1. Find the residue count for the range 24-39, including only residues that are among the aliphatic types (A, V, I, L, M) and closer than 19 Å to Phe66 by Cβ.
2. Only one of (1) of a type outside the set (A, V, I, L, M); (2) open to solvent by less than 50 Å² (accessible area, probe 1.4 Å); (3) modelled with pLDDT of 90 or more fails for Gly50. Which number is that?
3. Go through the range 55-97 and give me each residue that's of a type in the set (A, V, I, L, M), within 18 Å of Leu45 (Cα to Cα) and not in a helix (DSSP H, G or I).
4. I'd like the residue in the range 32-54 that is of a type outside the set (A, V, I, L, M) and part of a helix (DSSP H, G or I) and, out of all such residues, is farthest from Leu89 (Cα to Cα).
5. Give the number of residues within the range 46-64 that are small (Gly, Ala, Ser) and in contact with a Phe, Trp or Tyr (Cβ under 8 Å, 6 or more places away or on another chain).
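The values are calculated or read from the model by the stated rules, or taken from the named source; none is laboratory data. These numbers come from a predicted model, not from an experiment. Positions of Cβ are generated from backbone atoms using ideal geometry, with glycine treated the same way; all protein chains shown enter the neighbour counts. Ligands, DNA and RNA are stripped out before the accessible areas are found, and what is left, the full protein with its side chains, is counted by its heavy atoms. Shrake-Rupley method; radii C 1.70, N 1.55, O 1.52, S 1.80 Å.
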Amino acid sequence: CMTGIAYGSIYAGVAASGATNVAMLASFPHVLIKAIPVLVLIGSLTGALGQALHAEKTRFAAVLTFAVTASGITLLGVGAAFWGLVAGLIVLGLDKLVSSLRT
């Protein structure tokens, strides 16, 4: 019961100061507004890349997937996230095929 009251009070305070918060954020330079999300996401990005590149067997596919996705290409009306996955899966499939042919 007390938790609901506390959260309700916090939400009411945030709602009451919403116009002030928006005006304050609008006064910030555009470069700062663009930099804040980048700084917040650096930890997540480094953790994800570290985990993706940890296994040597799939490292090239992970890097290729990241590079294609980060390129922002659009082909046939489909975005880069899809093409990054396709490129990574093709490389993994080819790698598995070559490995099976070697044995």
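1. Of the residues in the range 24-39, 1 are among the aliphatic types (A, V, I, L, M) and closer than 19 Å to Phe66 by Cβ.
2. Failing condition for Gly50: (3).
3. Ala55
4. Going through the qualifying residues, I end up with Lys34.
5. The total comes to 1.
Condition check ((1) in contact with a helix residue (DSSP H, G or I) (Cβ under 6 Å, 6 or more places away or on another chain); (2) open to solvent by less than 60 Å² (accessible area, probe 1.4 Å)) across all residues:
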| residue | (1), (2) |
| --- | --- |
| Ala26 | no, no |
| His30 | no, no |
| Ala35 | no, yes |
| Thr46 | no, no |
| Val68 | yes, yes |
| Thr74 | no, no |
| Trp83 | yes, yes |
| Ala87 | yes, yes |
| Leu92 | yes, no |
